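Notes for the one structure printed next.
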Amino acid sequence: MLRRLQFIALRILILFFVVSIVWVLVLKFLPVWVTPFMLSRKIEAFRADEDTEIHHDWEPYENISKEVALAVVASEDQNFPNHWGFDFDQIYNAVTEKRKRARGASTISQQVAKNVFLWHGRSFIRKGLEAYFTVLIEVIWDKERILEVYLNVAEMGKMTFGVEAASLRYYNKSAKKLSRYEAARIAAVLPNPVRFSIKNPSGYVQKRTGQIVRQMRYLGGQKYIADL
């Protein structure tokens, strides 16, 4: 009986590896129209008797202002062009730094792995799967594809996913036409896009927007991400 259970477990494990690799390969080429996180937000809105419409418009990387791409890298993951999915310096700082609230150290790659392939939550199993999918997309996709997916699936406002949907809703223009300051404001709300607003920015969001603009300039502008 024990040997049979081990055989079944091994088959399940092999099946998982095969399916996950094929899944990542397929999404290297196809747009990501829906994610588990979008569905969870929709369920939450339904339970709260709120509007359940999801705002999401996929746009290829070439149709998105590179100011937005630079802004999210400057604010979320400045080592993105250089690391292999994990920023161990930031992880160490997050673990050792004494703060009332722990700060995140997730890279853009980790956030893509979490949003596209997994459910949200806090458990060792989910964190382990997040690391696994992070490695997969770093190996199978290139950096430009990872950033393209992030810009299209990240939550950027209530029930609003991706920079194109956010730009149309809050700036009444395509993401291709965003200015540096407008891009920086989008990046400024990413820590909590439900609490913070692009359209009606608080003092904190305005201050953070200015900080991101300065970081974008410090990194050297769009050339910092030109060779992804």
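The values are calculated or read from the model by the stated rules, or taken from the named source; none is laboratory data. Predicted model only: the values in this text are computed from it and were never measured. Note: ideal-geometry Cβ built from the backbone for every residue, glycine included; neighbour counts use all protein chains shown.
Quick check on V72: is it touching a residue at least 40 places away in the same chain (Cβ under 8 Å), among the aliphatic types (A, V, I, L, M) and part of a loop (DSSP other than H, G, I, E, B)? Answer is no for this residue.
To keep it simple, each residue is scored yes or no on (1) farther than 17 Å from S106 by Cβ; (2) touching a helix residue (DSSP H, G or I) at 6+ places or on another chain (Cβ under 6 Å); (3) assigned by TED's automatic domain parsing to the domain that holds L70; (4) not basic (K, R).
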| residue | (1), (2), (3), (4) |
| --- | --- |
| A131 | no, no, yes, yes |
| L136 | no, yes, yes, yes |
| T160 | yes, yes, yes, yes |
| R169 | yes, no, yes, no |
| R185 | yes, yes, yes, no |
| S197 | yes, no, yes, yes |
| G221 | yes, no, yes, yes |
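The requirement of being in a helix (DSSP H, G or I), under 26 Å from I21 (Cα atoms) and modelled with pLDDT of 95 or more is fulfilled nowhere in segment 87-100; no residue meets it. In the set A45, A131, only one residue is farther than 21 Å from L25 by Cα, among the small types (G, A, S) and either under 15 Å from the mean Cα position of the chain (by Cα) or at pLDDT below 95 (or both); that residue is A45. Condition check for V68 on (1) over 22 Å from A188 (Cα atoms); (2) hydrophobic (A, V, I, L, M, F, W, C); (3) out of contact with any Phe, Trp or Tyr (no Cβ under 8 Å at 6 or more places or on another chain); (4) modelled with pLDDT of 90 or more: one failure, at (1). Does any residue of segment 10-20 turn out to be surrounded by 14 or more Cβ atoms within 10 Å (Cβ to Cβ) and over 27 Å from P193 (Cα atoms)? Yes - at least one qualifying residue is present in segment 10-20.
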